[in-house]
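Just so it is clear, none of the values below were taken in a lab; they were calculated from the coordinates. Predicted, not measured: the structure shown is a model, and the values here were computed from it. In this analysis, Cβ positions are derived from the backbone assuming ideal geometry, glycine residues included, and neighbour counts consider all displayed protein chains.
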Amino acid sequence: MPVERLVTFLNVDLELYGQFDRQALVKALGKSVVVLHEGRAANAPLVLEVTDVGLDVAKTLAQFLKLIQRLPKKARAAWDSAERRRFDIGIQGGKRPYSTSWALSPELVAGLAACHAELAITVYGAEGRNMATASSPKRVRR
């Protein structure tokens, strides 16, 4: 009997695009983040996730914001130099429950705006690969 897939929050990926000092930013964020992807092409994003697991969507975004607000000057300059900053919320689609919602407080939304970041939501299909149980993408450790 197949397992029924549930709607599940997966994680938040922080995607940074453009030419900026990626090394300074990743070094300043330290062990609080893991590098999921660091493309070599000029238009390839730097993709990060926080290392704290088991957080909900609001706590994950708040953790990212706390890290960004505490960046030292050189790393903050790198952040500000990124052409585009995007927080991408990953949701695994499922058959149950019928509806699911995750709320973001006005303060959290204001914090995202203050960082000049986009907010995206990626929903993975219920009938496709189950991201919640599939093996994680290969992570680049620093």
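A few notes on this one:
- Relative packing of 11-22, 76-87, which averages over residues the other C-beta atoms within 10 Å, highest first: 11-22, 76-87
- Labels on offer are (i) 38.3, 141; (ii) 16.3, 59; (iii) 15.9, 55, and the one holding Rg and Dmax of the Cα atoms in Å computed from this structure is (iii).
- Footprinting exposure proxy for THR60, THR8, THR122 (fewest neighbouring C-beta atoms within 10 Å first): THR122, THR8, THR60
- Pairs of lysines in the chain (C-alpha under 20 Å apart; 8 or more residues apart or interchain): 10
- Modelled FRET efficiency - R0 30 Å, GLU4 with ILE121, Cβ distances, 0.05 increments: 0.85
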